[in-house]
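One structure below.
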Amino acid sequence: MVLDFAFEGGETLVVFASDHESGGLALSIANRHNMQLQAVWASRDHTGSVVPVLAFGPGAEVFGGSRANWELGRLLGRTLRRP
């Protein structure tokens with residue numbers, strides 16, 4: 001719905017970000033007889049995995065590449081101040 005709104009109006013920037021990866025959700029075989037899968041956490045802590053930053057709309061190109069999470073606020077501020 002958010003992307004539909006942004007696409008329709010053409011003036012909305014949508015940024016999706018995460019501050020960390022959350023423990024490595026994994027699939028495991030719960031029952032070998034019928035190959036039933038279950039979701040399990042691979043860790044009880046955060047991992048150092050890189051997480052995506054996705055952007056759509058005017059200014060989205062600013063968010064490309066690898067970014068430290070602390071940069072996102074600055075990038076949003078600069079993007080909002082654009083004429």
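Laboratory data are not the source of any read-out in this text; all were calculated from the coordinates shown. Model, not experiment: these values are computed from the prediction. Using ideal geometry, Cβ is built from the backbone for each residue, glycine included, and neighbour counts are taken over all protein chains shown.
Odds and ends about this structure:
- Shape category assigned to the chain from the gyration tensor of Cα positions, a/c cut at 1.5: oblate
- Placing +1 on the Cβ of every Lys and Arg and -1 on the Cβ of every Asp and Glu, with nothing else charged, gives segment 1-81 a dipole about its Cα centre of roughly 260 debye.
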